[in-house]
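Notes follow the structure.
The values are calculated or read from the model by the stated rules, or taken from the named source; none is laboratory data. Nothing here was measured: the structure is a model prediction, and the numbers come from that model. Reconstructed Cβ throughout: ideal geometry from the backbone, glycine too, with neighbour counts over all protein chains shown. Keep in mind that these areas ignore ligands, DNA and RNA; they rest on the heavy atoms of the full protein, side chains included. Shrake-Rupley method; radii C 1.70, N 1.55, O 1.52, S 1.80 Å.
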Amino acid sequence: MAKQYMEKSLLVPDHVITRLMMSKLENRPGQHWLLDGFPRTLGQAEALDKICEVDLVISLNISFETLKDHLSRHWIHPPSGRVYNLGFNPPHVYGIDDVTGEPSVQQEDDKPEAVAARLRQYKDVAKPVIELHKSQGVFHQYSSGTETNKIWPYVYALFSNKITPIQSKDAYRPCPVEEPGRCGRPFN
């Protein structure tokens with residue numbers, strides 16, 4: 001159902017994404033969660049508040065043009081799901097998957113016009129969510145551009161104040177800020 005909306009460069013409606021997320025989160029009692037991109041709307045935030053207390057919200061304040069540029073450089077190899085970014089993780093040969101030699105594609109959702117429309121829509125719906133999290137005292141915003149080495153120490157300190165840090169090397173290697181939500185590695 002979500003794919004239908006994404007193919008049209010639309011945000012997935014609250015009722016669809018909220019039902020999906022709540023079913024996943026309710027099955028993880030007593031665990032720490034790191035959510036990337038959820039909640040995006042006030043309805044989603046209110047649904048989340050009903051099942052848990054949010055400890056921390058981090059917003060990376062990155063310019064519209066920088067986000068549009070980064071997001072519109074995504075290419076994917078559909079059969080495997082491998083993601084390339086022409087800016088910092090390009091394939092060896094433009095338009096070709098490194099592993100199989102098959103074509104990679106730019107999804108409609110990642111084309112510059114679609115990215116710009118999605119970012120404008122997101123900005124409008126995110127304002128009330130930000131205000132809610134500010135009123136709860138859990139909102140933290142960083143404006144260090146996309147330089148991971150400048151942002152990560154502050155983010156790590158915030159996490160460390162909420163949960164016991166992991167004593168593994170992976171805990172100290174953040175997902176690249178240039179690709180939020182693309183690495184899939186949990187914090188704990």
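Surface composition of segment 19-112: carbon and sulfur make up 51 percent of the accessible area, probe 1.4 Å. For GLN4, neighbours were defined as the other residues whose beta-carbon sits under 13 Å from its Cβ, and their charges (Lys and Arg +1, Asp and Glu -1) total -1.
Of the chymotrypsin sites (Phe, Trp or Tyr not before Pro) in segment 74-167, the ones in a loop by DSSP (not H, G, I, E or B) with at most 15 other beta carbons within 10 Å are PHE88, TYR94. The loop-placed trypsin sites (Lys or Arg not before Pro) in segment 1-44, going by DSSP, that have at most 16 neighbouring Cβ atoms within 10 Å of their Cβ come out as LYS8.
Centre-to-centre, using Cα atoms only, segment 85-163 and segment 35-61 are separated by 16 Å. Here the simple spin-label model places points 7 Å from the Cα toward Cβ, and for ILE130 and ASN149 these points are separated by 2.9 nm.
Treating r as the C-beta distance of ASN27 and LYS162 and R0 as 22 Å, the FRET efficiency rounds to 0.55. Segment ASN89..GLN4, full-extension length gain: 27.8 nm, with 0.36 nm per residue of separation and the alpha-carbon distance subtracted.
Taking 29 Å as the limit for the C-alpha separation, the pairs LYS3/LYS134; LYS111/LYS162; LYS3/LYS150; LYS123/LYS150 exceed it in the case of LYS3/LYS134; LYS111/LYS162; LYS3/LYS150.
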